[in-house]
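Below is one structure, written out as structure tokens; the observations come after it.
Any read-out appearing in this document is the output of simple, stated calculations on the displayed coordinates, not a laboratory observation. Keep in mind that what you see is a predicted model, and the values were worked out from it rather than measured. Cβ placement follows ideal geometry from the backbone for every residue including glycine, while neighbour counts extend to all protein chains displayed.
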């Protein structure tokens, strides 16, 4: 598993994605270790913001970013959850189905 470089991620969140320093800290506070299936995509994005379109449970990173209006690290966190061994198969299917739906923001 890959551990996210929190200081580099915070810098990106603040300078490129418009987070406040506190908001970035809160977002990264409990960021989980990243499964190997997503590790290369995360490493590449952290280096030069290139999005490698990895697929997990029928969802791709770019699809999740578009449908859920999520930035890259949000999408990674969501896909990463689908790879957790503590998520039983029924909940994994249910979560994938939920993530296919657009996020409605009021």
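What the table below lists for this structure:
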quantity	calculated
Between 0 and 90°, nearest 10: helix 89-99 axis offset from the chain longest Cα axis	60
Shape of the chain, Cα gyration tensor, a/c cut at 1.5	prolate
Separation in nanometres of the label points that stand 7 Å from Cα toward Cβ, at residue 22 and residue 104	3.1
The chain: angle of helix 6-15 to the longest principal axis, Cα-based, in degrees nearest 10	80
